[in-house]
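The values are calculated or read from the model by the stated rules, or taken from the named source; none is laboratory data. Everything quoted here is computed from the prediction, not taken from an experiment. Here Cβ is always computed from backbone atoms with ideal geometry, including for glycine, and neighbour counts include all displayed protein chains. Surface areas here come from the heavy atoms of the whole protein model, side chains and all, with no ligands, DNA or RNA. Shrake-Rupley method; radii C 1.70, N 1.55, O 1.52, S 1.80 Å.
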Amino acid sequence: MRVVPTKIADLQEGSVLGKDLYVENRLLMKKGSVLTKRIITLLKNRYVYSVDIEASIEQASPIEVLQAYSVDDTPNFFETLAELSTERRYGHALKNMNDILFVRDLFEQYMQNSHYRRLLQVLQQYDTYDYQHAVDVFTLCTLFAKKEGIPRIEQDALGFLFHDIGKLNIPLTMLNKKGKLSLHEFTRMKQHTQLGYEILKERGLDAIAYLAKSHHERIDGSGYPEGLEGRHIPKEVRFLQLIDMYSALTMTPSYRQKLEAAEAIMIMYKERHLLDHKLLARFVDFLGIYPENAIVLLSDGTHAFVEQVNHQHPLLPMVRRLETNDTISLPINFQLKIEKLITYQIETPEQLFYKFSDYLLKGEEHLMEKYYNRLKDQYTYAECFTKIYLPIYQIVKVMDQQLVLEDRRLKLRGLLNKALLQLRQESKKGSAIIFWIDQEFRSSIPLLLIEGIFYSKGLYPMILENTTPRDELVKIADYCEAKAIFVFSKDKKLIDMPYQKWKLYHMTAEKLEQFVFSFAGLSEQNINIRQAIETYQTGTTIMEGGLADE
C-alpha cells in the first residue's frame, strides 16, 4: 500500500488514514483509523483540507503517484534499448552511430530535468512494459522524424517519450489484463489520452500535450478522443500513430504473443486506411524490413518479389527476381540489398488458403501454422468452419484416394478441437441440442465440423454416446431444455421412443457428410441450419417451435 495525500472533498467512506493526523499541533487521529462519513464531516468542520490515506497505486491519481513514489535511479537509455530486441525490430534504424548518439544525448538531456526524470521514473516503476514502450516509441519516432526533416525535433521527441503518460491513471489490473477488455474497461482505457494531455499541461508542457491526446486519432476519423481525420491530424501525430502501432504489435506484453517485424508491417498495411499510407511506405524503407508479397527495387536496379522473410535476420529475405524469375537469398555482406518498396500486395483469403492447404498437405507445419493464423483473421467463427476446415477436409478426402494422409487428418482434427475449445469458452448460453452418437462418430471430422457450425450460430450441442440409457437421455434433454435431438447412427431403430417432446433428426455417416458439405464456402449470413436439416427430420413432435437459427 502507498500513502497518498488526498483532498477532503475526494475522500470516500472506508478510507484508511496513512499517517497520524495533527491539527494545531495536537494528534487528532492515529494512522490506521478508518474514515467514516461522520469523521469526514468532522474534518471538514475543523478546516482540514487534505489527509494522507493508504491507497494502492491503482487508486492514485497521476499527481498522487508522483508524490507517493521515492525513486533515485535515473532511467538508463542503453540498458532499456538492450531489452527491446532492436536487432530484429529496428532494421537499419540504429545502424548509424551518429543517429544513436543523437537520440541518446537527447534522452540524457531530458533526464537532467528533474520533472521529466521523475515522470519517467514513476512510469518505469508503475508498469515496466509501458515504460519500455515509451522509450521504444521515442527512439524510433525521433529517428524517423529526424530522417523526414521534421522541425522542432527536440521538442516533439519529448512528446513521443511521454505519449502514454496518461496510463499512470489507469489501473494496473486493466493494463495487464489477459484477454479482451469489457466495454466499460475499454472506455476507461481510452481516457488515457485525455489524462496524458492533462498531466503534461499541468507541468507547463502545452507545446507537446497534443501528442499525448491525439496519438489514437486515425486518418479515417475512427480514432479518439475527438475523431479527427485526414488533414486535421498534425504531421507529428501521424508519425506517432504509425510507430505507436508498430511498437505495440512487435513489443507486446508477456501475456500476449508478439509479432515479428515483417508480420506487424503486414497488419499495418491491412489497416492502412487508419494511417498515412505514404508515410507507412517511407517507414518501411526507413527500417529496411519488407514483408512477404512486397515488390521491391534491388540495389542492382532489378525488381524482385519478397517470397520469404528470415525473422532472425529480417534485412535478408528470400526474393524472386521479376526479370529472370530466379529465387535468391540476399547476401549477408549487403553487396545486394533492397533499396526501395515499390508496392505491397495484400494477400487475398483465397491466396492464404492456397498456401495454408499446400503446406498442410506437404507436412510443413511451421509454414502451415503461419498461414493458418493469417487466414483465421479473415473470417468469423462460423466462416472458419465453412471456408477453412470444411474445404481442407474435402481436399484431404480426395487426396486420401491417392495417398495415405492420416497424419494430415490428425492435424486437421487438432485444429478443429482447438477451435471448438475456444468456441465453448467464449460462447454465451443459448439453445441446447442433443447429439446422440454411435461410437464410430466419436472422432468423426464431419461431426466436429457440424458441431462448430452449430456453436457459431448460437446452438449448443451436448454429445452423448448411444450407450446412454434412453431414460437418462430424456432427463438430460428435459433438464437442459433441448430444442432437438440429433441421432447419428447406422440404425434408425435407435430413435424409436415411446414419447417424443423434441424434434428428432437422424443421420448416417454418409448423410452427415452430405449435410456438412452443404455448408462449404458459405458466408455467415448465408448459413441457414433450419433449412438445411429439414430433410433429416424423422418422427413426430409434440413441442412447438423446435430448432431455429439464432
Only unsatisfied item for residue 213, checking (1) charged (D, E, K, R); (2) more than 20 Å from residue 103 (Cβ to Cβ); (3) surrounded by fewer than 17 Cβ atoms within 10 Å (Cβ to Cβ), is (3)
Restricting the first residue to region 369-393 and requiring it to be closer than 19 Å to residue 426 by Cβ and touching a residue at least 60 places away in the same chain (Cβ under 8 Å), which pairs with a second residue that is aliphatic (A, V, I, L, M) and open to solvent by 10 Å² or more (accessible area, probe 1.4 Å) meet a Cβ separation below 6 Å and a spacing of at least six or different chains?
-> 386/522
Residues that are farther than 18 Å from residue 379 by Cβ and among the aromatic types (Phe, Trp, Tyr), drawn from region 518-541 = 536
Read through the list (1) in contact (Cβ under 8 Å) with a residue 40 or more places away in the chain; (2) part of a loop (DSSP other than H, G, I, E, B), then give the number of the only condition that residue 443 fails.
-> (1)
Residues located in region 428-444, provided they are in contact with a Lys or Arg (Cβ under 8 Å, 6 or more places away or on another chain), buried (at least 19 other Cβ atoms within 10 Å of the Cβ) and not hydroxyl-bearing (Ser, Thr, Tyr) = 433
Lone unmet requirement of (1) touching a Gly at 6+ places or on another chain (Cβ under 6 Å); (2) on the phi < 0 side of the Ramachandran plot for residue 237 = (1)
Filtered residues of region 268-280 (kept if of a type outside the set (Asp, Glu) and under 22 Å from residue 214 (Cβ atoms)) | 268, 272, 273, 274, 275, 277, 278, 279, 280
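One line per residue, one yes/no per condition, for (1) open to solvent by less than 10 Å² (accessible area, probe 1.4 Å); (2) over 26 Å from residue 387 (Cβ atoms):
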{"residue": "471", "(1), (2)": "no, yes"}
{"residue": "481", "(1), (2)": "no, yes"}
{"residue": "504", "(1), (2)": "yes, yes"}
{"residue": "517", "(1), (2)": "no, no"}
{"residue": "520", "(1), (2)": "no, no"}
Here are 132, 125, 121: which of them is open to solvent by 50 Å² or more (accessible area, probe 1.4 Å) and either assigned to a helix (DSSP H, G or I) or among the aromatic types (Phe, Trp, Tyr) (or both)?
-> 125
Give me a count of the residues in region 175-208 that are open to solvent by less than 30 Å² (accessible area, probe 1.4 Å) and in contact (Cβ under 8 Å) with a residue 60 or more places away in the chain.
-> 1
Scanning region 72-118 residue by residue, those touching a residue at least 24 places away in the same chain (Cβ under 8 Å), surrounded by fewer than 17 Cβ atoms within 10 Å (Cβ to Cβ) and of a type in the set (Gly, Ala, Ser) turn out to be 85
Residues satisfying the stated conditions in region 231-252, i.e. modelled with pLDDT under 90 and either among the charged types (D, E, K, R) or over 21 Å from residue 91 (Cα atoms) (or both) = 231
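For (1) open to solvent by 20 Å² or more (accessible area, probe 1.4 Å); (2) assigned to a helix (DSSP H, G or I), each residue gets a yes or a no:
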| residue | (1), (2) |
| --- | --- |
| 228 | yes, no |
| 231 | yes, yes |
| 238 | yes, yes |
| 243 | no, yes |
| 246 | no, yes |
| 258 | yes, no |
| 262 | no, yes |
Residue by residue through region 449-469, note down the ones that are open to solvent by 20 Å² or more (accessible area, probe 1.4 Å) and outside any loop (DSSP other than H, G, I, E, B).
-> 455, 456, 460, 462, 463, 464, 465
